[in-house]
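J.: Pasting in a structure now, in structure tokens, and then I'll have a few things to ask.
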Amino acid sequence: MTRTRVSQNSSRIEPISQRNLMGYSFLFWMFVAVTHAIAGALDSSSVHFGQSQVQLVLEYCLIFLPISLMSCVLAWLYWWYSEKLLQALPLFLMALMCCVIFLPLLTLNKMTITSLFDQGHFPNYDKEWEKVSQFIVWVDFCLVLLAFSLQAGFAAWRRALWREQEIQVSNNLGMELKLLLLQGQLKPHFLFNSLNSISALVRGKDRQLAGKAMYQLHDLLRYVVHSGKHEWVTVAEEMQFVQDYLDMQTLRFGTRLELQIQVAAQDWLRIPCPPLLFQPMVENAIHHGVENHQETCDIEIQLFLRLGLVHFRISNTKHRTQKSKPGHGLGLSSTRERLEILFGDEAKVIVQDLDDRFVAEILFPDLTQN
């Protein structure tokens, strides 16, 4: 995996540091110089009498020194001013300036280094200029443009990487805000239904049950507040919250509510889970299974782990005479959206509307196995 580095001046993730970029740029052209020297050493006609191969390597390194320095200067400029310089007109002017400044400098430097190594003194520049072939000038021109293109190309790729990171950060922030909104919608929804249950007990004759339900609601709200401060809780905590919620509903519906809860033997304390994930499904089963009529309702809950996926399955009895009330579609839709944001295609909500039962199942991956 490629290591990345966070720039000290921004939150952008840099593929390479400025110092390393300049160093690699310099070393690249030194490598080109050494390659030319090796090619020259293999050509006996280019090795002068008494000239060692080490001297030849040094000569070529000095010849390529201007283009190496130009590459470092361009690396520095494009590092700090890429947004301004990566425009059409600045690019053209930068390329023109490199050719005007460094092309003559490269040719003069080559004359000087060659004369010093071959003859031991500085050349007669007027005579040497007349000897310079158009082919050599063309080669130097191509080298200058190559050095410029490499730095401009890397700067353009680096800017594209920044924009991709900014889009990713923007998308992540959008998903986080949407997730917080969905989770925030569940809290007043849960509170409304809980208070509705307590209100039904208060209107009844057994005030002692109403008082007990108030204490249970206190514990439930404490968990809601606690879980709201965390992005993840454990499956065990969620199941305990579900159990406490069902205990409060049992006070309201009494023997009309029959519960069967089967939890497979697993270390549920180690498996992370989004907060308030199961409760909307339980609330939906209560609403459609027992709240809308006076008949007995059987609610079955199963929790198990299979093939790296956590399965939370809940089903409730259906009654042909029951009349569904609108406004309770939030649980399923919000659960689907939350799972999609957190797990993508790895999680899902499966709903089965059978003849005598309504079945809903949540599947999401056990992150401890990744």
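J.: Taking region 346-370 on its own, how many of its residues are under 19 Å from Leu305 (Cβ atoms) and not hydrophobic (A, V, I, L, M, F, W, C)?
T.: Selection size over region 346-370: 8.
J.: Moving on to the next point. Tell me yes or no: at least one residue of region 317-335 is out of contact with any Lys or Arg (no Cβ under 7 Å at 6 or more places or on another chain), under 13 Å from Phe278 (Cβ atoms) and modelled with pLDDT of 90 or more.
T.: Here is the first cut: in region 317-335, the ones out of contact with any Lys or Arg (no Cβ under 7 Å at 6 or more places or on another chain) are 319-335.
In the following step, the residues that additionally are under 13 Å from Phe278 (Cβ atoms) were identified as 331-332, 334-335.
Applying the additional criterion that residues be modelled with pLDDT of 90 or more yields none.
No; the residues of region 317-335 include none that is out of contact with any Lys or Arg (no Cβ under 7 Å at 6 or more places or on another chain), under 13 Å from Phe278 (Cβ atoms) and modelled with pLDDT of 90 or more.
J.: I'm trying to understand the selection: among the residues of region 281-293, which are part of a helix (DSSP H, G or I) and polar (S, T, N, Q)?
T.: Keep residues of region 281-293 that are part of a helix (DSSP H, G or I), which gives 281-291.
Result: Asn284, single match.
J.: I'd like to know if region 142-154 contains one or more residues that are modelled with pLDDT under 60 and part of a helix (DSSP H, G or I).
T.: First, pick out the residues of region 142-154 that are modelled with pLDDT under 60: none.
So far as region 142-154 goes, no, none of its residues is modelled with pLDDT under 60 and part of a helix (DSSP H, G or I).
J.: So, in region 241-272, how many residues would count as being exposed (fewer than 14 other Cβ atoms within 10 Å of the Cβ) and either touching a residue at least 12 places away in the same chain (Cβ under 8 Å) or within 16 Å of Asn284 (Cα to Cα) (or both)? Working first, answer last.
T.: As a first pass, look at region 241-272 and keep what is exposed (fewer than 14 other Cβ atoms within 10 Å of the Cβ): 254-255, 260, 262, 264-265, 267, 269-270.
Of the ones still in play, those that are also either touching a residue at least 12 places away in the same chain (Cβ under 8 Å) or within 16 Å of Asn284 (Cα to Cα) (or both) are 255, 260, 262, 264, 269-270.
Matching residues across region 241-272 total 6.
J.: Report the residue count in region 248-280 for those that are over 27 Å from Gly228 (Cβ atoms) and not in a strand (DSSP E or B).
T.: First pass over region 248-280, keeping only residues over 27 Å from Gly228 (Cβ atoms): 253-258, 260, 262, 264-265.
With not in a strand (DSSP E or B) added as a condition, the list becomes 253-256, 264-265.
The total comes to 6.
J.: Looking at region 79-139, what helices (runs of 4 or more DSSP H) fall wholly within it and have at least 1 residues that are under 45 Å from the mean Cα position of the chain (by Cα), in the same structural domain as Ser17 (by TED's automatic domain parsing) and more than 30 Å from Trp162 (Cα to Cα)? Explain how you work it out, then say what you get.
T.: Details: elements: 82-85, 88-118, 125-131.
Ranges flagged: 88-118.
J.: Which members of region 1-53 meet the condition of being at pLDDT 80 or above and touching a Leu at 6+ places or on another chain (Cβ under 7 Å)?
T.: Ala37
J.: Also, quick follow-up: Does Val139 satisfy being modelled with pLDDT of 80 or more, touching a Phe, Trp or Tyr at 6+ places or on another chain (Cβ under 6 Å) and closer than 21 Å to Leu27 by Cα? Full working, then the answer.
T.: Details: modelled with pLDDT of 80 or more: yes; touching a Phe, Trp or Tyr at 6+ places or on another chain (Cβ under 6 Å): no; closer than 21 Å to Leu27 by Cα: yes.
It is false that Val139 is modelled with pLDDT of 80 or more, touching a Phe, Trp or Tyr at 6+ places or on another chain (Cβ under 6 Å) and closer than 21 Å to Leu27 by Cα.
J.: Looking for whichever is at pLDDT 90 or above and either crowded, with 17+ Cβ neighbours inside 10 Å or out of contact with any strand residue (DSSP E or B) (no Cβ under 9 Å at 6 or more places or on another chain) (or both) here; the options are Asp345, Asp366. Which one fits?
T.: On the way: Asp345 fails: at pLDDT 90 or above.
Result: Asp366 is the single residue among Asp345, Asp366 that is at pLDDT 90 or above and either crowded, with 17+ Cβ neighbours inside 10 Å or out of contact with any strand residue (DSSP E or B) (no Cβ under 9 Å at 6 or more places or on another chain) (or both).
J.: Here is a further query. Would you call Ile167 farther than 13 Å from Leu74 by Cα and in contact (Cβ under 8 Å) with a residue 24 or more places away in the chain? Give the steps one after another, and end with the answer.
T.: Numbers: farther than 13 Å from Leu74 by Cα: yes; in contact (Cβ under 8 Å) with a residue 24 or more places away in the chain: no.
The answer is no for Ile167.
J.: Then there's this: Enumerate the pairs (first residue in region 57-76 and buried (at least 18 other Cβ atoms within 10 Å of the Cβ) and at pLDDT below 90; second residue anywhere and of a type in the set (Asp, Glu) and part of a helix (DSSP H, G or I)) with beta-carbon separation below 9 Å, excluding pairs fewer than 6 apart on the same chain, so at least 6 apart or on different chains.
T.: Glu59/Asp118
The values are calculated or read from the model by the stated rules, or taken from the named source; none is laboratory data. In this text, all values refer to a predicted model and were calculated from it rather than measured experimentally. Every residue, glycine among them, receives a Cβ derived from its backbone with ideal geometry; neighbour counts consider all protein chains shown.
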